[in-house]
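> Encoded as structure tokens, here's the structure I'll be asking about.
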Amino acid sequence: MRLCEGLFQEFDRRGFLGVRIWEFIGYSLGRPYAHYVARELALRHPLRFARGFLAYRRFVREKSAGAGVFRAAPEGWGAHLGPRAAKAAAEVSRPIVAVGYCQKPLERNGNGGGCPAGRFTHACLYLDGLDLARPDGDLPAPACKGCLVRVIGREALKAGVSFNIMTTALDVARDIMVPAINNGGGRALLAVCPITVEIAALPLLVCGIDFSFVTYNGGNCQDYASWLLADRGHKLERAILGGQGLANIRAALQDLAQDAQKQGRAPGLRFARRGNTYIPVASPTC
Ligand code: SF4
């Protein structure tokens with residue numbers, strides 16, 4: 001095992017095949033996420049996997065890094081896909097904004113008991129009860145006041161995009177990646193640790209997802225070992241998104257809202273949960 005670890009680290013140092021996530025791949029072998037991605041992406045869609053792999057090598061070479069924002073294409077939404085594929089990605093399904101469960105408040109920080117929905121869950125009690133047609137009511141718990149999951153989720157609803165609180169890599173693959181590859185593409189804006197950028201970019205590109213990452217400023221996983229612990233719900237720090245990161249998310253949401261308007265897609269008034277994802281709907285009965 002130690003020999004394999006050393007070999008994967010050496011691959012990363014040399015950028016073997018233009019990829020720098022060999023150590024992560026080594027850690028992931030045998031895990032359900034790796035099996036699922038191999039089966040649903042590589043085996044079911046080998047040509048797309050090959051195309052996505054080539055796009056990924058370009059992404060790693062050219063990755064733009066402006067104030068913690070990493071785009072599939074530095075030029076903006078869709079530029080890496082070509083005009084036809086970008087149009088398809090924009091039209092096939094609602095864009096999705098995803099944030100990490102690790103952004104939720106921690107109990108031990110004296111935030112009034114932490115997230116009332118639980119931390120390692122896809123749920124947010126505030127978003128469950130949100131209705132933009134009504135005046136704001138009381139927050140479900142004192143901890144919600146300083147919670148950016150609430151702020152970003154609310155703005156996602158106003159922009160008419162779906163919202164997901166990410167927990168495990170397996171659920172991200174099931175909720176965001178595989179539906180996109182089966183539908184012909186998609187758009188995603190994800191708040192993640194810097195270490196996740198190169199891990200997640202490969203499957204996102206394979207799935208034809210037009211993506212943008214905004215990275216946290218603090219409380220990040222520092223290495224693959226801590227990343228894998230967080231993937232099981234063991235994350236003792238709270239991920240922090242700085243003011244610039246939030247401004248970047250707001251700017252991207254504005255772009256997506258304008259696109260939705262051009263396509264005649266109505267913004268939602270409430271969220272309905274479909275599986276792990278919050279989908280904007282016009283009325284409670286939708
Ligand atoms: S706003 Fe934050 S703390 Fe409140 S329920 Fe939602 S995720 Fe939990």
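> Is it true that LEU43 is farther than 21 Å from THR215 by Cβ and modelled with pLDDT under 65?
Numbers: farther than 21 Å from THR215 by Cβ: yes; modelled with pLDDT under 65: no.
For LEU43, the condition - farther than 21 Å from THR215 by Cβ and modelled with pLDDT under 65 - is not met.
> Sticking with this one: Among the listed residues LYS145, LYS158, which satisfies the condition of being in a helix (DSSP H, G or I) and within 11 Å of the ligand (Cβ to nearest atom)?
Details: LYS158 fails: within 11 Å of the ligand (Cβ to nearest atom).
Going through LYS145, LYS158 in turn, just one is in a helix (DSSP H, G or I) and within 11 Å of the ligand (Cβ to nearest atom): LYS145.
> Can you name the residue in the range 175-193 that is assigned to a helix (DSSP H, G or I) and within 12 Å of the chain's Cα centre (by Cα) and is also surrounded by the fewest Cβ atoms within 10 Å (Cβ to Cβ) among such residues?
Pass one, the range 175-193, residues assigned to a helix (DSSP H, G or I): 175-183.
If we keep only those that are within 12 Å of the chain's Cα centre (by Cα) too, we end up with 175-177.
Details: ASP175: 21, ILE176: 25, MET177: 24.
Per the criteria, the residue is ASP175.
> Let me ask something else. If the Cβ limit is 7 Å and pairs must be 6+ apart or interchain, which residue in the range 118-135 that is more than 14 Å from LYS158 (Cβ to Cβ) pairs with which residue that is more than 10 Å from the ligand (Cβ to nearest atom) and part of a loop (DSSP other than H, G, I, E, B)?
Filtered contacts from the range 118-135: PHE120/THR167; PHE120/GLY233; THR121/THR167; HIS122/THR167; HIS122/ASN276.
> Given the structure, is GLY110 modelled with pLDDT under 75 and within 16 Å of the ligand (Cβ to nearest atom)?
On the way: modelled with pLDDT under 75: yes; within 16 Å of the ligand (Cβ to nearest atom): yes.
Yes.
> Six or more apart or on different chains, Cβ atoms under 9 Å: show the pairs whose first residue is in the range 231-259 and assigned to a helix (DSSP H, G or I) and whose second is of a type in the set (D, E, K, R) and modelled with pLDDT under 85.
What qualifies is ASP259/ARG265.
> Continuing with the same structure: What residue, among those in the range 125-141 that are in a helix (DSSP H, G or I) and near the ligand (Cβ under 9 Å from one of its atoms), is nearest to the chain's Cα centre (by Cα)? Let's see the steps before the verdict.
Narrowing the range 125-141 to residues in a helix (DSSP H, G or I): 125-129.
Filter once more, keeping what is near the ligand (Cβ under 9 Å from one of its atoms): 125-128.
Values: LEU125: 20, TYR126: 20, LEU127: 18, ASP128: 20 Å.
Out of the qualifying residues, it is LEU127.
The values are calculated or read from the model by the stated rules, or taken from the named source; none is laboratory data. Note that the structure is a prediction, hence the values are computed from the model and not measured. Glycine gets a Cβ as well: all are built from the backbone with ideal geometry, and neighbour counts include every protein chain shown.
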